[in-house]
1. Does the stretch 44-77 hold any residues that are open to solvent by 70 Å² or more (accessible area, probe 1.4 Å), in contact with a helix residue (DSSP H, G or I) (Cβ under 9 Å, 6 or more places away or on another chain) and not aliphatic (A, V, I, L, M), and which are they?
2. From GLY214, GLY208, GLY139, which residue is farther than 25 Å from GLN117 by Cβ, of a type outside the set (Ser, Thr, Tyr) and in contact (Cβ under 8 Å) with a residue 60 or more places away in the chain?
3. What is the one condition in (1) assigned to a loop (DSSP other than H, G, I, E, B); (2) of a type in the set (Gly, Ala, Ser); (3) in contact with a Ser or Thr (Cβ under 7 Å, 6 or more places away or on another chain) that ALA128 does not satisfy?
4. Only residues that are assigned to a loop (DSSP other than H, G, I, E, B) and hydrophobic (A, V, I, L, M, F, W, C): list them for the stretch 156-194, please.
5. Starting from residues that are part of a loop (DSSP other than H, G, I, E, B) and small (Gly, Ala, Ser), keep the ones in the stretch 200-229 and report whichever is surrounded by the fewest Cβ atoms within 10 Å (Cβ to Cβ).
6. State yes or no: is ALA197 of a type in the set (Gly, Ala, Ser), within 24 Å of HIS43 (Cβ to Cβ) and open to solvent by less than 30 Å² (accessible area, probe 1.4 Å)?
7. On the given criteria, is ALA197 of a type outside the set (Phe, Trp, Tyr) and not in a helix (DSSP H, G or I)?
8. Before we move on, is GLY96 touching a residue at least 12 places away in the same chain (Cβ under 8 Å), under 18 Å from ASP30 (Cα atoms), open to solvent by less than 30 Å² (accessible area, probe 1.4 Å) and among the small types (Gly, Ala, Ser)?
Amino acid sequence: MIRVVAILAFLVGAVPSMVWADFRILALGDSNTWGSNASGPRHGNDVRWGRVLDAALPNAVVVEEGRIGRRTDLGKGRAPDNIGKPVRTPIPELAGQHLPLDMAVVMLGTNDLQSGQGRDADAVARSAFSLARILLDGGVEQVLVVTPPPLTNPERGGLSGIFGRSQELSEELPTAYARLSRETGIPVFDAGTVTRADGADGVHLTAGAQRALGAALVPVVQDLLPDNG
């Protein structure tokens, strides 16, 4: 009997906390979700917005799904647009592998601003909300779209060859995202109300900005979870 109790105790300690969480939340994004730091190594677990959100929600587990360079099309090359149309695209594997999900928090759109993409603010917004509709249709219970923080003079930073003079375009995203939120009924949060891309390259977030964004998302996510989380 003692041996059985000891084994059970070990298993309880070894099983990840997500097994026991009431809610599962996917943080889907690009390098600012992954934790890229323009001035040093990757931001740590106490800094990244997804981990800050996770720490503040004891009854939830936040699964980070960030990748450097990810766009709203998830690298497929063509911006999705199913606004006002039936959703025919299956849920992407990178999200489907984490099902069941109570919520996905999607912060994408920065890399859509790169030179050569040829996307205006409306196209980026339509693509972001089309992805949100795909996630909802694929089994995610709730989706919160986050308008990415506006860039800060990227033409002066280390990524100037990629982003050029795209600050103005980034500052048009909040209006476009808000319009698509009203049209689709999918909630949106504007990260620009909390911070800008304040890293040395004008594209990535500093540690303070990461923490501020995570903290600001806490009440928004709580309100959207069933029974207010």
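The values are calculated or read from the model by the stated rules, or taken from the named source; none is laboratory data. Here the structure is a predicted model, which is why all the values come from computation and not from measurement. Counting neighbours? That spans all protein chains shown, and the Cβs are built from the backbone with ideal geometry, glycine included. For accessibility, only protein heavy atoms count, side chains too; no ligands or nucleic acids. Shrake-Rupley method; radii C 1.70, N 1.55, O 1.52, S 1.80 Å.
1. ASN45, ASP46, ARG67
2. Testing whether each residue is farther than 25 Å from GLN117 by Cβ, of a type outside the set (Ser, Thr, Tyr) and in contact (Cβ under 8 Å) with a residue 60 or more places away in the chain leaves just GLY214.
3. Checking ALA128 against (1) assigned to a loop (DSSP other than H, G, I, E, B); (2) of a type in the set (Gly, Ala, Ser); (3) in contact with a Ser or Thr (Cβ under 7 Å, 6 or more places away or on another chain), the one that fails is (1).
4. Within the stretch 156-194, LEU159, ILE186, VAL194 meet the criteria.
5. ALA200
6. Spelling it out, ALA197 is indeed of a type in the set (Gly, Ala, Ser), within 24 Å of HIS43 (Cβ to Cβ) and open to solvent by less than 30 Å² (accessible area, probe 1.4 Å).
7. Yes: the conditions hold for ALA197.
8. Considered against the rule, which asks whether it is touching a residue at least 12 places away in the same chain (Cβ under 8 Å), under 18 Å from ASP30 (Cα atoms), open to solvent by less than 30 Å² (accessible area, probe 1.4 Å) and among the small types (Gly, Ala, Ser), GLY96 comes out as yes.
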